[in-house]
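Trainee: One structure, as structure tokens, below. Some questions next.
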Amino acid sequence: GETRLYHALDAGRTFAEIAMSAVRYEMDGDVGIVIVDYQPVNALSAAVRTGLGSAFTKARDDKNVKALVITGGGRTFIAGADITEMGTEKSKVKPDLHELQKMLEEFPKVTVAAIHGTALGGGYELALACHYRVAVKSAKVGLPEVSLGLLPGAGGTQRLPRLVGIDAAIDIITSGRHISASKALDLGMIDAVVDDLPGGAVAFARDMAAGGQPPLPVIARNDKIVSIDPAVFVEARRKVAAKARGKNAPLVIIDCIEKACNAPAEEALAFELAEFRKLYASDQSAALMHYFFAEREARRVPGLSAEPNDIASAAVIGAGTMGGGIAMVFANAGIPVYLTDVSNEAVERGIALIRKNYETSVARGSMPRAAADRALALISTTTDYADLADADIVIEAAFERLDIKQDIFARLDKVMKPGAILASNTSTLSIDAIADATKRPEDVVGVHFFSPANVMKLQENIRGARTSDQTVATVMALGKTLGKNVVLARNCDGFIGNRMLQYYTGEAEFLLEQGATPEQIDRVAMAFGMPMGPMAMRDMSGLDVGVLVREARRASLPPDERFSPILARLVDGGRLGMKTGKGFYRYEGRDKFPDPETAAIIEDVARELGIERREFSDEEIEFRLFAPLVNEGAKEIEDGTALRASDIDVAWVNGYGFPAHKGGPMFWGEQVGLDRIYAAALEAAKRNGSRWGPGKLLERLTNEGKGGWRDA
Ligand code: T1G
């Protein structure tokens, strides 16, 4: 990507000037302190690397310096290589990270990395080249390169195993997880937790220096990586491959860690760098880097003329699965929240389900008991709207019926304090129609979570025609507070995500008519990286629900729209999905099996329609399933439903499990070629109806031979 200058002031200065201000060097008695201060996250940009090189040289040659401490300015240590500089000339500026690490490992004095905020990726790898690492209690360390489709390319797969052993290193690097300071201390990733920086680190460094010569650098310590049973790696590969869902980096990371055990350090480091370069050149890392920035870009709404309100308290209407999950989202973020419903029984049922969810998380070890108790204590219940009056936001998650929602919003309008946000979690109804029930449409907005709300990361915000900038800014900022990934949609049928989903599930049924089987379609979708196939998804959400939503939509569709009769035929035959033990599949408990009865129904439909059934290749199924998503996404950009193509990618990765290592549907569409998407849409229009045809934007990009959405 293009190199973003983080500082407007960068623009007017020489490189050397930037480097000098990016890295400061101070003395505290006989200890040198190097402070990296290049906001926003002290990434190892060319300026920072240059500054570090000169600071290390200065400290090394200064006889008065007995030890060296490296720390970060601002809110964090070093958050890794500078992703914005990768692939640009700046990434070639010397010294590179390996050279800086070499300087540290040959340093004739004790070196200590002093960590606050996060030390991630290349940042933590720089710390691994120091003799010691200390951190404050709130700090986190990690090697998250795998989430960019990469591996730690500066010795992370070689040095970490030497500190924590093989098993922990495999887990930490293939998961990319951020590790808390206390856990890092237990594992040996850091040597001490200190109260404050840089003081605590300076004292630690002085102590270590008193012992005379610096200790062996990490790369020279081999006790934890000798005589490792090769079976350890076989088992690790089996476990990691099961979760990788087609991602390459995790398995390559294991190759590098195994190499550390079987080859001299220099050779193994060279192997790691070669494998890093291969991954960096791969489609998967291009997709994951695209996705990294897409996630952050989606938080921005150009031209908003308002700052967000603070959300210090919330309320949720409807104590069902969604409402309960939403209440948990606020409580988990430390925001007190009221949960209400029409009766005490409904509320009691809701809070009981929430309690059960927390118990399960604690039992699974995914949530500490104290955190669960703290969250639960923040959830109050009531059936009286008057109790909600002071909440800064109320989120309605009641039945998907407009009359019920309008009644609720009319009542909220009378009760809620001025300026409170009145949000609906609706997934199919119009935000404008809901706002009509109030005298404050500017405060009404859609905040659409995906089930289960306390797990799924997408928060799809929907602005109505009269929603104010203030309200939009507030719900966009709320996403970060709630730990969600936000996108902003303009009000339309299905918003960003569901408006596209109908083409994916619709085309899957057309493929069934033409000869593909449910198990083949689902297998292809999962091999592509989806968490489950469209037929299994239908069985889980209920085929009858699909028929209802589709029939409700029919009136608003062009007359030439064709629906496959398969779904309705299955429902007529009592096959509603998992809940009736049969749908597309036959179920025994949670296990699903192909069902000859379903195959017979599909064949009947094909015969009635006079369709000649045929074999399909997996490639053709994959393309037919996902191409219509891209076509509809292009129309969402064209009509302003979505602000940008990458927002659609964020929506699909977080709301539907689209594989981030394919970048999202719009990124994937660019990779396969927009001209192919255009041609497929023309074909689909002939088969399924004019709505499936290409829009103006896709036609223009194709005719102008433009490859990407940036030209939209
Ligand atoms: N490079 C460049 N910019 C970065 C960046 C990075 N590594 N990390 C964050 N930013 C920008 C981000 O785009 C945003 O910009 C701003 O900083 C705030 O980020 C050799 C090669 C550190 C936990 O993967 O996990 O090292 O939108 O909104 O929520 O092995 O950023 O303001 O213009 O996310 O407080 C490995 C990625 C790199 C860490 C902070 N490192 N970053 O989270 O803020 S590869 C990572 C994060 C590597 C080596 C390899 C998070 C954070 P803008 P933010 P945050």
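The values are calculated or read from the model by the stated rules, or taken from the named source; none is laboratory data. Keep in mind it's a predicted model, so treat the numbers as computed, not measured. Backbone-built Cβ (ideal geometry, glycine too); neighbour counts: all protein chains shown. Note: areas computed on protein heavy atoms with side chains; ligands, DNA, RNA excluded. Shrake-Rupley method; radii C 1.70, N 1.55, O 1.52, S 1.80 Å.
Trainee: What residue, of ALA312, ALA377, is within 26 Å of the chain's Cα centre (by Cα) and surrounded by fewer than 21 Cβ atoms within 10 Å (Cβ to Cβ)?
Mentor: Testing whether each residue is within 26 Å of the chain's Cα centre (by Cα) and surrounded by fewer than 21 Cβ atoms within 10 Å (Cβ to Cβ) leaves just ALA312.
Trainee: Scanning the stretch 105-130 for residues that are more than 9 Å from the ligand (Cβ to nearest atom) and among the small types (Gly, Ala, Ser), which turns out surrounded by the fewest Cβ atoms within 10 Å (Cβ to Cβ)? Spell out how you get there, then give the answer.
Mentor: Filtering the stretch 105-130 down to residues more than 9 Å from the ligand (Cβ to nearest atom) leaves 105-116, 119, 126-130.
Narrowing further to those that are among the small types (Gly, Ala, Ser): 113-114, 119, 127, 129.
Numbers: ALA113: 30, ALA114: 31, ALA119: 35, ALA127: 27, ALA129: 25.
Looking at the filtered set, the residue picked out is ALA129.
Trainee: For VAL571, state whether it is under 29 Å from the mean Cα position of the chain (by Cα), buried (at least 19 other Cβ atoms within 10 Å of the Cβ) and not charged (D, E, K, R).
Mentor: Answer is no for this residue.
Trainee: Let me ask you something else. Count, please, the residues in the stretch 19-46 that happen to be modelled with pLDDT under 90 and either crowded, with 24+ Cβ neighbours inside 10 Å or of a type in the set (Ser, Thr, Tyr) (or both).
Mentor: Qualifying residue count, the stretch 19-46: 1.
Trainee: Inside the stretch 323-346, can you point out the residues that are farther than 16 Å from LEU482 by Cβ and surrounded by fewer than 22 Cβ atoms within 10 Å (Cβ to Cβ)?
Mentor: Hits for the stretch 323-346 are VAL342, SER343, ASN344, GLU345, ALA346.
Trainee: Same structure again: What pairs can you find where one residue is in the stretch 436-459 and under 18 Å from TRP652 (Cβ atoms) and in a strand (DSSP E or B), the other is of a type in the set (Ser, Thr, Tyr) and at pLDDT 95 or above, and their Cβ atoms are less than 9 Å apart, with a gap of 6+ or different chains?
Mentor: Matching pairs, first to second residue: GLY446/SER424; GLY446/THR426; GLY446/THR467; HIS448/SER424; HIS448/THR426; LEU458/TYR656.
Trainee: If you don't mind, there's one more thing I want to ask. Given the conditions (1) outside any helix (DSSP H, G or I); (2) open to solvent by less than 60 Å² (accessible area, probe 1.4 Å), which single one is not true for PHE276?
Mentor: (1)
Trainee: Looking at the stretch 280-306 only, could you name the residues that are of a type in the set (A, V, I, L, M, F, W, C) and either within 25 Å of ALA477 (Cβ to Cβ) or within 12 Å of the ligand (Cβ to nearest atom) (or both)?
Mentor: Across the stretch 280-306, the qualifying residues are LEU288, MET289, PHE292, PHE293, ALA294, ALA298, VAL301, LEU304, ALA306.
Trainee: Out of the stretch 401-431, which residues are assigned to a loop (DSSP other than H, G, I, E, B) and under 26 Å from GLY655 (Cα atoms)?
Mentor: Passing the criteria: ARG401, ASN425, THR426, SER427, THR428, LEU429, SER430.
Trainee: Identify the residue in the stretch 210-246 that is under 28 Å from ALA660 (Cβ atoms) and touching a residue at least 24 places away in the same chain (Cβ under 8 Å) and, among all such residues, is farthest from the chain's Cα centre (by Cα).
Mentor: PHE233
Trainee: Filter the stretch 54-73 down to the residues that are charged (D, E, K, R) and farther than 18 Å from GLY199 by Cβ and list them by number.
Mentor: LYS58, ARG60, ASP61, ASP62, LYS63 - these are the residues of the stretch 54-73 that are charged (D, E, K, R) and farther than 18 Å from GLY199 by Cβ.
Trainee: Does LEU160 satisfy the condition of being open to solvent by less than 10 Å² (accessible area, probe 1.4 Å), within 16 Å of the ligand (Cβ to nearest atom), in a loop (DSSP other than H, G, I, E, B) and touching a helix residue (DSSP H, G or I) at 6+ places or on another chain (Cβ under 7 Å)?
Mentor: no
Trainee: Pairs, please: C-beta under 7 Å, at least 6 apart or cross-chain, first residue assigned to a loop (DSSP other than H, G, I, E, B) and in the stretch 288-313, second near the ligand (Cβ under 10 Å from one of its atoms)?
Mentor: ARG299/LYS480
Trainee: If I go through the stretch 120-146 residue by residue, how many of them are in contact with a helix residue (DSSP H, G or I) (Cβ under 8 Å, 6 or more places away or on another chain) and under 13 Å from ILE172 (Cβ atoms)?
Mentor: 11
Trainee: Can you report the number of residues in the stretch 135-145 which are buried (at least 23 other Cβ atoms within 10 Å of the Cβ) and near the ligand (Cβ under 9 Å from one of its atoms)?
Mentor: Summing the residues that are buried (at least 23 other Cβ atoms within 10 Å of the Cβ) and near the ligand (Cβ under 9 Å from one of its atoms) in the stretch 135-145 gives 3.
Trainee: In the stretch 210-257, what residues are of a type in the set (Asp, Glu) and within 21 Å of LEU151 (Cα to Cα)?
Mentor: GLU235, ASP255
Trainee: Let me ask something else about it. Out of all the residues in the stretch 247-283, which are small (Gly, Ala, Ser) and within 26 Å of the chain's Cα centre (by Cα)?
Mentor: Correct list: ALA249, ALA281, SER282.
Trainee: Keeping to the stretch 54-87, report how many residues are open to solvent by 30 Å² or more (accessible area, probe 1.4 Å) and among the hydroxyl-bearing types (Ser, Thr, Tyr).
Mentor: Selection size over the stretch 54-87: 2.
To keep it simple, each residue is scored yes or no on (1) over 23 Å from GLU26 (Cβ atoms); (2) near the ligand (Cβ under 7 Å from one of its atoms); (3) not acidic (Asp, Glu).
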{"site": "GLY72", "(1), (2), (3)": "no, no, yes"}
{"site": "GLU89", "(1), (2), (3)": "yes, no, no"}
{"site": "LYS92", "(1), (2), (3)": "yes, no, yes"}
{"site": "LEU100", "(1), (2), (3)": "no, no, yes"}
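Trainee: Listed residues ASP255, ASP223; which is at pLDDT 95 or above and surrounded by fewer than 14 Cβ atoms within 10 Å (Cβ to Cβ)? Walk me through it before giving the result.
Mentor: Details: ASP255 fails: surrounded by fewer than 14 Cβ atoms within 10 Å (Cβ to Cβ).
The match here is ASP223.
Trainee: I've got another one for you. So, in the stretch 347-366, of the ones that are of a type outside the set (Asp, Glu) and open to solvent by 60 Å² or more (accessible area, probe 1.4 Å), which residue ends up nearest to the chain's Cα centre (by Cα)?
Mentor: SER366
Trainee: Still on this structure, I have one more. Applying the selection to the stretch 460-495, what residues are closer than 23 Å to MET537 by Cα and either more than 17 Å from the chain's Cα centre (by Cα) or assigned to a helix (DSSP H, G or I) (or both)?
Mentor: Within the stretch 460-495, ASP493, GLY494, PHE495 meet the criteria.
Trainee: Checking VAL146 against (1) in a loop (DSSP other than H, G, I, E, B); (2) touching a Ser or Thr at 6+ places or on another chain (Cβ under 7 Å); (3) not hydroxyl-bearing (Ser, Thr, Tyr): exactly one of these is not met. Which one?
Mentor: Among (1) in a loop (DSSP other than H, G, I, E, B); (2) touching a Ser or Thr at 6+ places or on another chain (Cβ under 7 Å); (3) not hydroxyl-bearing (Ser, Thr, Tyr), VAL146 violates only (1).
Trainee: Surrounded by 14 or more Cβ atoms within 10 Å (Cβ to Cβ) and farther than 29 Å from ASP649 by Cβ: does that describe LEU609?
Mentor: No: the conditions fail for LEU609.
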